[in-house]
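Everything on this sheet refers to the single structure shown next.
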Amino acid sequence: MIQGGIATIFVSEMQRSVDFYTGVLGLRLVHRAGDHWAQLDAGGLAIGLHPASDRNPAPGTAGAITLGLALDVPIAEAVAALGAHGVEVRGPEPGGGGTALAFFADPDGNPLYLAEESR
C-alpha cells in the first residue's frame, strides 16, 4: 500500500526556504509549484516545503513538520483500509496540482497524510 514518503516542512517564505535547502544544504529541487509547494530530493528522503497558513502550524513550532506517505493504490482504498483499523481520516480532498490528500494521526497524535499523485 505505502510506496514511499515525504517529510513536509511548513515555511514562512517559500523562496528563502528553497534557497536555503538548495543553495546552503545542496539538495536538488525536484518540483516547484510557485509559492504553494516545492519538493526536494535529500538522497532518498523527499522533503516538501509548504507555506504556513492559519490551517497549518507556524514554522518552527511543534507540528510544523509532518510525514506524507505516497501510495501505490487508490487513495480511497487506503483510506478504507485505515478506517478498518479504527483510524480517523479527514479526506481525501484536493491538494492542488491534481494531488489528493487524506490526513490522519499516529497513536501519539503525530500528524500524517496520504498523497495520491494524479496519473
- prompt: How far is helix 75-84 tilted, in degrees, relative to the longest principal axis of the Cα atoms in the chain, given as a value from 0 to 90 rounded to the nearest 10?
  reply: 60 degrees
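Just rank 65, 75, fewest to most, by other beta-carbon atoms within 10 angstrom. Present the calculation step by step, with values, prior to reporting the outcome.
Details: 65 17, 75 20.
Ordered from fewest to most neighbouring Cβ atoms within 10 Å, 65, 75 come out as 65, 75.
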Residues 88, 117, sorted so that the one with the fewest Cβ neighbours within 10 Å comes first: 88, 117
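Averaging sequence separations of C-alpha pairs under 8 Å and six or more residues apart, then dividing by the length of the chain, give the relative contact order as a whole percent. Kindly include the intermediate steps, with their values, before the conclusion.
On the way: 229 pairs, mean separation 29.5, N = 119.
Value for the chain: 25 percent.
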Positive dipole terminus of the chain, leading residue within 15, 75, 114 (C-beta point charges): 15
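Cα convex hull of the stretch 60-119: mean projected area in nm², to one decimal? Could the numbers behind the result be given before it?
Details: hull surface 18.0 nm².
Projected over every direction and averaged, the Cα hull of the stretch 60-119 covers 4.5 nm².
What is the magnitude of the charge dipole of the stretch 7-62 about its Cα centre, with +1 placed on the Cβ of each Lys and Arg, -1 on the Cβ of each Asp and Glu, and no other charges, expressed in debye to the nearest 20?
Details: 4 positive and 5 negative charges, 18 e Å.
Here the size comes out at about 80 debye.
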query: Which residue, 59, 51, 107, has the most motion in a Gaussian network model of the chain that connects Cα atoms within less than 10 Å?
result: 107
query: For volume of the Cα convex hull per residue in Å³, the choices are (1) 127; (2) 98; (3) 110; which was calculated from the structure?
result: (3)
query: Once you charge only the Cβ atoms, +1 for Lys and Arg and -1 for Asp and Glu, what is the size of the charge dipole of the chain about its Cα centre, to the nearest 20 debye?
result: 240 debye
task: Compute the distance in nm between two label points, each set 7 Å from the Cα along the Cα-to-Cβ direction, one at residue 45 and one at residue 62.
output: 2.2 nm
- line: Out of 52, 33, 84, a Gaussian network model of the chain with alpha-carbon springs under 10 Å gives the largest mean-square fluctuation to 84
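Every number here is computed from the coordinates shown, using simple stated rules; none is lab data. Just so we're clear, the structure is a prediction, and the values are computed from it rather than from any experiment. Heads up, the Cβs are rebuilt from the backbone with ideal geometry, glycines too, and the neighbour counts pull from every protein chain shown.
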